[in-house]
């Protein structure tokens, strides 16, 4: 400890080991965190990987058809509810006017008029076009979030958070690989 005063009755310049309750607390905290992480990992493995929304959708394909039409990353995100790396999508910085469509079925989902820079690294919108997305609770990361998917094919798009701009206060944080941009 640079600049620390010597212990009372002890000469300066020497290092002394002091027993402290803080060290015991630190070890207990580490054990607790390790237990929670291992338990959470076991729970996640026992549940299996999440998959795209289930239900009766207008557009349906077999897993083989989805795999044939999507790249590995697109399949992981859209059909297995994965997430692309932040700042990796070319759509993140896109400023052109147009409409963002679902890559899985070409449904128009978001307008460039509702896009904004949330600073998160993913394309963000404060609202979707009417009647285009479905939602469900997602409890995979020790909290419950709102997952959003295409209402026509069930492909995973991203999540909706309550920290967006007015007038909705919503942030639709969307994986760029799930979208296709079509200029106006």
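The values are calculated or read from the model by the stated rules, or taken from the named source; none is laboratory data. Quick caveat: nothing in here was measured; it's all calculated off a predicted structure. Counting neighbours? That spans all protein chains shown, and the Cβs are built from the backbone with ideal geometry, glycine included.
A few remarks follow.
- Of the numbered criteria (1) surrounded by fewer than 16 Cβ atoms within 10 Å (Cβ to Cβ); (2) within 23 Å of residue 151 (Cα to Cα); (3) modelled with pLDDT of 95 or more, the one residue 125 fails is (1).
- Whether a residue is in a loop (DSSP other than H, G, I, E, B) and touching a strand residue (DSSP E or B) at 6+ places or on another chain (Cβ under 7 Å) was assessed, and residue 134 does not pass this test.
- Residues (on the phi > 0 side of the Ramachandran plot and free of Cβ contacts under 8 Å to residues at least 40 places away in the same chain) located in the stretch 88-134: 119, 121, 131
- Among the criteria (1) in a loop (DSSP other than H, G, I, E, B); (2) modelled with pLDDT under 95, the one residue 163 does not fulfil is (2).
- In the stretch 137-160, the residues that are in a loop (DSSP other than H, G, I, E, B), at pLDDT below 95 and surrounded by 13 or more Cβ atoms within 10 Å (Cβ to Cβ): 140
- Tally of residues being more than 11 Å from the chain's Cα centre (by Cα) and within 21 Å of residue 79 (Cα to Cα) across the stretch 132-147: 8
- If you go through the stretch 95-114 and keep only what is surrounded by fewer than 17 Cβ atoms within 10 Å (Cβ to Cβ), touching a strand residue (DSSP E or B) at 6+ places or on another chain (Cβ under 8 Å) and assigned to a loop (DSSP other than H, G, I, E, B), you end up with 96, 97, 106.
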